[in-house]
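Read the figures in this text as sums done on the coordinates, not as results from a lab. None of the values given here were measured: they were computed from a predicted structure. Here the Cβ positions follow ideal geometry from the backbone for every residue, glycine too, while neighbour counts run over all protein chains shown.
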Amino acid sequence: MAVYRAPTGNFNLFPNRLDDIIKILYKVDLKLIKCGDINVDYLTDNDKKRKLDAMLLTYNLSALVHFPTRSQGYSVLQ
């Protein structure tokens, strides 16, 4: 499953819409991989990260990338 959320997109709608899509696809024996660009900062503890993680956990899914994937003038790559 490929997912994209624009940085300017309404985050409050995103987890609910993603949940709706996963509900349609989800089967207990299905091996689902969600990949894409969701524009959520996983380097800090924040509400967006917690809300998205909680929704994904209901399907036994979790984030695997916990490092910057792009550097900008205000980003810090470690």
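Per-structure values
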{"item": "Hits in the range 31-57 (condition: free of Cβ contacts under 8 Å to residues at least 24 places away in the same chain and in a loop (DSSP other than H, G, I, E, B))", "result": "31, 41, 44, 45, 46"}
{"item": "Whichever residue in the range 30-73 is aromatic (Phe, Trp, Tyr) and surrounded by 15 or more Cβ atoms within 10 Å (Cβ to Cβ) and, among such residues, is farthest from residue 7 (Cα to Cα)", "result": "59"}
{"item": "Only one of 27, 23 that is of a type in the set (Lys, Arg) and either surrounded by 11 or more Cβ atoms within 10 Å (Cβ to Cβ) or part of a helix (DSSP H, G or I) (or both)", "result": "23"}
{"item": "Residues within the range 47-62 that are among the acidic types (Asp, Glu) and within 10 Å of the chain's Cα centre (by Cα), tallied", "result": "1"}
